[in-house]
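Okay, structure first, notes after.
The values are calculated or read from the model by the stated rules, or taken from the named source; none is laboratory data. Just so we're clear, the structure is a prediction, and the values are computed from it rather than from any experiment. Cβ: placed from backbone, ideal geometry, glycine included. Neighbour counts: every protein chain shown.
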Amino acid sequence: MSRKNLKGVEIDSSIPNTVVVDIYGLSEPLRIIGIYWPASQQRNLMDLSNFVINNTIIAGDFNAAAMDWGSPTDDNRSVLLKEWIEENDLLYVKNTFNSSRRSKRNIDHLFTNIRNIKGETIAFGTSDHWPIIYTSNTISYHTHTSFPHTSWKEYEVLLCLLQDFWFDLQKSITLDDWYKLYIRFLGAAKNRVTTWKNKEKFRPALPEFIRNKLKELRKVRNNYYRKRRYDIDNEAERILLRTLNREVQADIANYRSKRWSNFFEKIQESKTKNDVNFWSHLGKLYKQKSLPFAKLKVNNKIISDKEVIAQELYKYYTDQFQPPYIDRNDPHDSEIENEFQDILKSFSNSMEIEQTNIKEICYAIKSLKPKKSAGYDSISNFMLKLLPPGYLQCLWNCFNLWLKECRFPHDWKVAKVISLNKLKTGIPSSDQTRPISLLATHSKIFEKLLLVRIRNWAELNSIIPVEQSGFRPNCSIPTRVLSIYQEIQNNLVANVPTLSIYVDYQKAYDKVWHAALIVKLN
């Protein structure tokens, strides 16, 4: 199993070529029935009906062909299967193309009573059947008490042992097909060396000896107030309570003071970038956290179903990221579009994009922050930093192809979106959430390569004004603040009033008409 925290219990069925397993450790129990049905075997499907329960998946090689299931013709076995799955309220899950490599028949099937399952056939491997990957948005893993523990040393060893295979594979297939298989492999390799361990959801903020003293203090306090309620003499408990309270408060103060001392000593031990280390640690301590939300307010109604919330947020974000509407009959819109096209023609676009090299790719990977959060492809920055040199050579071939074709892979335009709550209290609405997009990690490397070339081109054509400080190296907001301060000082000396206009575009990255903005800036 890909997740070590899953538990499987085999159910005795006494049916030839059939395995029944119950899976535990998911959000819901799951029953999987694996079947191999040779063409020469007679089988009574009613024997399987007793094993069909809620959340059942029946999959395997049925040797049954039907036109509705992706085969060129129908056979008698598929007719029997269709009648049986209808009687047991099961659904057939389609895959993308035929599973048999020796014919155009699709003979590997999956039937289930679980909704929202998708199948994808993968043209990979040496078997006479193409593998099929099924995904479900209904059943997921428990993440409240089980946390993943990845052996990154094993991950590195696994990558090193297989780098020659991936280097040779790139010579036999297209680079785009190689990349799709490669990212699947990285995610599968990480899952293979990951174990799930049960841990407490929250770590205690105080050491054990202080927590024990707090328990003792609580007992003494309860005993003191109990006797006080019935007018029982408890002077001894009062003195003990006062003494214990002082001791506990002193221990907590000493513990926190010692932690701060260790924190400063650790920063001072670092001989370089002391200020960077200090503010990075301090920022984590005082960083405001977003409150989780389990409900959403929509048109004065409150919804709590997770799937409905996800659909509502998807609809809202889709509307937000629509391109601006341009009316060709409007003379203002037409004028903006014409001026924008003239600006584009004024720049030289005849030169080819410079090809990259392995050294530049290594530098781009090193510049990534070692984060372990992953996008939709399950690949994080930390995983890329562990790549052996052989994989970088393969990535070099892919990046140069995409640079030469001026192409940004379509899969990189898909993002994993996490919605954060902007409110401190209450139930948020869709416009009171902040979307955080987790992009494909390889796209970040490619964007860094493009940024160097675009920046050089922009500076060569004098596109970026010297007054701009954002999104430029060695420039920041303090640069603009000092510039404004100097301008005000000069005006005060000359006895001239200073006029300042600040513009803040609402949802600038989502809704601003970029062509019009470029025209106005030009």
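Within region 89-145, the set of residues being in a strand (DSSP E or B), touching a residue at least 24 places away in the same chain (Cβ under 8 Å) and hydrophobic (A, V, I, L, M, F, W, C) comprises Leu91, Leu110, Phe111, Ile117, Ile132. Is it the case that region 144-161 has a residue that's among the basic types (Lys, Arg) and farther than 30 Å from Leu403 by Cα? Scanning region 144-161 turns up at least one residue that is among the basic types (Lys, Arg) and farther than 30 Å from Leu403 by Cα.
When region 174-199 is filtered for residues that are among the aliphatic types (A, V, I, L, M) and exposed (fewer than 14 other Cβ atoms within 10 Å of the Cβ), only Ala188 remains. Among the residues of region 157-176, those that are within 23 Å of Ser443 (Cβ to Cβ) and in a helix (DSSP H, G or I) comprise Leu159, Gln163, Trp166, Phe167, Leu169, Leu175, Asp176. Reported count of residues in region 146-156, each being more than 18 Å from the chain's Cα centre (by Cα), outside any helix (DSSP H, G or I) and hydrophobic (A, V, I, L, M, F, W, C), is 0. Where helices (runs of 4 or more DSSP H) sit wholly within region 296-394, those with at least 3 residues that are surrounded by fewer than 16 Cβ atoms within 10 Å (Cβ to Cβ) and either free of Cβ contacts under 8 Å to residues at least 24 places away in the same chain or not basic (Lys, Arg) (or both) occupy 306-320, 331-346, 358-366.
The residue of region 1-52 that is surrounded by the most Cβ atoms within 10 Å (Cβ to Cβ), among those that are under 30 Å from Thr150 (Cα atoms) and among the small types (Gly, Ala, Ser), is Gly25.
Being more than 39 Å from the chain's Cα centre (by Cα) and under 25 Å from His129 (Cα atoms) holds for only one residue in Asn63, Asn95, Asn76, and it is Asn76. A single member of Ala494, Ala515 is farther than 30 Å from Asn357 by Cβ and in contact (Cβ under 8 Å) with a residue 24 or more places away in the chain, and it is Ala515. Restricting Ser443, Ser437, Ser469 to those that are free of Cβ contacts under 8 Å to residues at least 40 places away in the same chain, surrounded by 11 or more Cβ atoms within 10 Å (Cβ to Cβ) and part of a helix (DSSP H, G or I) reduces the list to Ser443. In this structure, is Asn63 at pLDDT below 90, assigned by the TED database to the domain that holds Asp22 and on the phi > 0 side of the Ramachandran plot? No; evaluated as a whole, the condition is false for this residue.
Here is a yes/no grid of residues against (1) over 30 Å from Ala123 (Cα atoms); (2) in contact with a Pro (Cβ under 9 Å, 6 or more places away or on another chain); (3) assigned to a loop (DSSP other than H, G, I, E, B):
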position	(1), (2), (3)
Trp178	no, no, no
Arg184	no, no, no
Gly187	no, no, no
Phe209	yes, no, no
Glu216	yes, no, no
Tyr225	yes, no, no
Asp231	yes, no, yes
Arg242	yes, no, no
